[in-house]
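I have placed the structure first, in the form of structure tokens, so that the comments after it can refer back to it.
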There are 2 protein chains.
Amino acid sequence: MQAQLIALDWGTTSLRAYRLGEQGRVLEQRSLSAGIMQLPTTSRSIAGRLCSDGFELAFDEACGDWLDAEPQLPVIACGMVGSAQGWREAVYQQTPASVSALSEALVTVRSVREVDIHIVPGVLQRSELPNVMRGEETQVLGVLASLPSSEAGDSLLIGLPGSHSKWVRVQDGRIVHFDTFMTGEVYAALSNHTILGRTLQCSEPFDAIAFDRGVAVARSPQGAAGPLSTIFSTRTLGLTGVLSGAAQSDYLSGLLIGHEIAALSQLLNQAAATLPDVVLIGSGPLLERYQRALQANGFAQVTIAEQATERGLWQVAVQAGLVSSSSTAGARPLPVEN
Amino acid sequence: MQAQLIALDWGTTSLRAYRLGEQGRVLEQRSLSAGIMQLPTTSRSIAGRLCSDGFELAFDEACGDWLDAEPQLPVIACGMVGSAQGWREAVYQQTPASVSALSEALVTVRSVREVDIHIVPGVLQRSELPNVMRGEETQVLGVLASLPSSEAGDSLLIGLPGSHSKWVRVQDGRIVHFDTFMTGEVYAALSNHTILGRTLQCSEPFDAIAFDRGVAVARSPQGAAGPLSTIFSTRTLGLTGVLSGAAQSDYLSGLLIGHEIAALSQLLNQAAATLPDVVLIGSGPLLERYQRALQANGFAQVTIAEQATERGLWQVAVQAGLVSSSSTAGARPLPVEN
């Protein structure tokens, strides 16, 4: 099938490249470790010119051969590549943010091979505690595009677990509010750089009992002490012989994710009486942990969305006129599984 | 004045030695960096024998000359020196813990110079989330001994801010409950090992406005998101030009101490309608921060106690019969200031 678009998900530590065909179908994909904080450094020739710029080198590694074959392919990118430390800054768009608002705000940078890369801006929420995201907004748009139209107007909570988890509330197809939890990064800092790391051991396989125990503590009356206090029990339950070193890592993970979900649920209850439906973006073991914690905290309806990034990049490209609209007719809904 | 007791406050990173006279008066004191995790390593002769044991070397540096002059002086010690990684393990005593209970459980280790060091055990609380302390129990006993007898029967909250803050509830002269908050250590881990450190700069002098802002956020409706979420605002308030790099460190400090005090207040409200009187142990800038946060959270009565460790060690030594009771007549109350 003929390609229509090259789509790049270009973050801090990784760069994923997709060659997309009609209707956004993935023809080929690649994953490189060339995130904006670890760009290549070895100079070489690109389009007949010796090149030492890390962004150029990474871009060429990711999709130079695709462009050699089809030089006219449009290129779109999202993520930290548009940050102040990126290739070209794409200034944050403010909430509420829609596909069309983001499509109108694309920023371009021209590569040495005379190809324009269209960068999707991140989103800024100017609340009392401001919030920012870059890349996640595109994933959210990808999920929204895949929903049956009957659900697109409903209020929905989209979760993006990760080093910095994002919880995004959407209404009428727009991003209206989001919160950030630094849970993943805090877990790493606590495990590697506090006293908890002295007794904690990496656990393989996943210790569901220890994890669930942490989740239960976070939402118990003892959990009102908050994570600054409950995390110390990782150590004391070890000292008292209740938790082995291997169990401590999943217990700590359960505590932190448990505090995140319990706090999220409290924030949502400030706004409405019932908890919203949740769509989680991502895959793998981390999502299983979030599913368990959401269930334990009373979130009844949780589905998982995959391929959200490439879907979102496709949607923005269509809206921006980078690909012809005829390619979009009958776009398949995103696979959603329970 | 003739000495009565050598008292050692021997923690993880430091070793403080006191030569105490009648009624526990401090005749001389020293501070060494020879905590149990950084003991001296250079062998030398002690009491005529070549010695390479780190505990022996540190002990001799701390008070060898005092013992040379008065070899009969009893020696008492508290803190991590009694942990499993210490010189001799003094098994935790369980709550409720009193001076007499701890005095009866002293563990001794004999040094190469034939002097016994009497080690005060730590305290363990076997609650659902167990809690432990070593050294703080002695400080709490020091405060209790100094209270007018009219107050000794009252319920009191004693706070020990630090790397791991302890909040100790005492009743009828006994330690009945305590909580730990890893606030200081979490602050260091977040500042040095997460993305927050990239924009945060050490602030000198103290930025009270930034600190108070953090405290206010923690107890606001936004604070319900908990520290895993609010800490991200340290970065986003920088990105939006509200907080300078220098202000971010005191803002983060205010957020974390604010979450600690807000959670403590919530735990206390589960048990009683009014917040108890607070005595803070310690001195210096950290205590000022806790005073500000306590005041902002409605704790009306906060006093500061100094010399709690040496007072506590003296009390335990008297109770254990290490010093003659005649030395204790008319013990001065501990200085307490607002």
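Numbers for the structure displayed
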{"item": "B:Q270 vs. criteria modelled with pLDDT under 95 and within 10 Å of chain A (Cβ to nearest Cβ)", "result": "yes"}
{"item": "Residues located in segment B:148-193, provided they are within 14 Å of chain A (Cβ to nearest Cβ) and part of a helix (DSSP H, G or I)", "result": "B:T183, B:G184, B:E185, B:V186, B:Y187, B:A188, B:A189, B:L190, B:S191, B:N192, B:H193"}
{"item": "Positions within segment A:194-221 being away from chain B (no Cβ under 14 Å), in a helix (DSSP H, G or I) and surrounded by fewer than 22 Cβ atoms within 10 Å (Cβ to Cβ), in sequence order", "result": "A:A208, A:I209, A:D212"}
{"item": "Qualifying position, being closer than 27 Å to B:C78 by Cα and modelled with pLDDT of 95 or more, among B:E260, B:E337", "result": "B:E260"}
{"item": "Residues that are more than 9 Å from chain B (Cβ to nearest Cβ) and assigned to a helix (DSSP H, G or I), drawn from segment A:224-242", "result": "A:T234, A:G238"}
{"item": "Given (1) away from every other protein chain (no Cβ under 14 Å); (2) over 30 Å from A:R219 (Cα atoms); (3) among the charged types (D, E, K, R), index of the condition B:E89 fails", "result": "(1)"}
{"item": "Residue identified as out of contact with any strand residue (DSSP E or B) (no Cβ under 7 Å at 6 or more places or on another chain) and in the same structural domain as A:R49 (by TED's automatic domain parsing) among A:A84, A:A97, A:A101, A:A105", "result": "A:A84"}
{"item": "Residue in segment B:114-121 that is within 17 Å of B:T309 (Cα to Cα), in contact with a Cys (Cβ under 6 Å, 6 or more places away or on another chain) and modelled with pLDDT of 95 or more present", "result": "yes"}
{"item": "Which numbered condition A:A246 fails, given (1) buried (at least 17 other Cβ atoms within 10 Å of the Cβ); (2) in a helix (DSSP H, G or I); (3) touching a residue at least 24 places away in the same chain (Cβ under 8 Å)", "result": "(1)"}
{"item": "Pairs where the first residue, in segment A:23-46, is in the same structural domain as A:V112 (by TED's automatic domain parsing) and β-branched (V, I, T) and the second is loosely packed, with under 14 Cβ neighbours inside 10 Å and modelled with pLDDT under 95, C-beta under 8 Å, 6+ apart", "result": "A:I36/A:Q85"}
{"item": "In segment B:112-131, the residues that are within 26 Å of the chain's Cα centre (by Cα) and more than 13 Å from B:D9 (Cα to Cα)", "result": "B:D116, B:V123, B:L124, B:Q125, B:R126, B:S127, B:E128, B:L129, B:P130, B:N131"}
{"item": "Residue within segment B:91-109 that is within 20 Å of B:A17 (Cα to Cα) and charged (D, E, K, R) present", "result": "no"}
{"item": "Only one of A:A77, A:A7, A:A84 that is closer than 30 Å to B:T199 by Cβ and crowded, with 17+ Cβ neighbours inside 10 Å", "result": "A:A77"}
{"item": "Residue within segment B:252-265 that is free of Cβ contacts under 8 Å to residues at least 40 places away in the same chain, away from chain A (no Cβ under 13 Å) and either surrounded by fewer than 22 Cβ atoms within 10 Å (Cβ to Cβ) or not in a helix (DSSP H, G or I) (or both) present", "result": "no"}
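The values are calculated or read from the model by the stated rules, or taken from the named source; none is laboratory data. Everything numeric here is computed off the predicted structure, so don't read it as measured data. Quick reminder, even Gly has a Cβ in these numbers, built from the backbone with ideal geometry, and neighbours come from all protein chains shown.
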